[in-house]
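The values are calculated or read from the model by the stated rules, or taken from the named source; none is laboratory data. Note that the structure is predicted; figures quoted are calculated from it, not measured. When we count neighbours, we look across all protein chains shown, and the Cβ atoms used for this are built from the backbone with ideal geometry, even at glycine.
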Amino acid sequence: MSALYPEKFIYDIAGFSKIRAQKLVGNFKEQMKVFEPTICLEESVEQIEKQVDDTFKITTNRDVHYSKSVIITAGNGAFQPRKLVLEDAVRFENSNIYYFVDVLR
């Protein structure tokens, strides 16, 4: 959103009557620093393996990472999500694989 529309106002963010996309993303970046995350850019995930301790081994085109959780943000087409092209992925849709947040629980 900040790359496409940095000066566009966003009106539906809790706590702000309106905020520019670029400012909102800047706030997100500042907030995440508290947790000292590892930031990995321009990497393509090649494999995700669940480990015996319930963590994940994530192999990319550049490195290997370990994590307690995985969030896949594969992008969104103009009107349809870009679905995962994996064997049996359809079987897990709406139970373990979601492309949109419909209802917050």
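Below, the figures for the structure above:
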read-out	value
Some residue of the stretch 37-55 being in contact with a helix residue (DSSP H, G or I) (Cβ under 9 Å, 6 or more places away or on another chain), of a type in the set (A, V, I, L, M, F, W, C), at pLDDT 85 or above and loosely packed, with under 12 Cβ neighbours inside 10 Å	yes
Failed condition for C40, given (1) among the hydrophobic types (A, V, I, L, M, F, W, C); (2) in contact with an Asp or Glu (Cβ under 8 Å, 6 or more places away or on another chain); (3) not in a loop (DSSP other than H, G, I, E, B)	(3)
Residue selected from the stretch 56-72 under the condition hydrophobic (A, V, I, L, M, F, W, C) and at pLDDT 85 or above, by the criterion nearest to P37 (Cα to Cα)	V70
Of all residues making up the stretch 73-105, the number that are part of a loop (DSSP other than H, G, I, E, B) and modelled with pLDDT of 75 or more	12
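Results for (1) in contact (Cβ under 8 Å) with a residue 12 or more places away in the chain; (2) in a loop (DSSP other than H, G, I, E, B); (3) in contact with a Pro (Cβ under 8 Å, 6 or more places away or on another chain), shown as yes or no for each residue.
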position	(1), (2), (3)
F16	no, yes, no
L24	yes, no, no
F28	no, no, no
Q47	yes, no, no
T59	yes, no, no
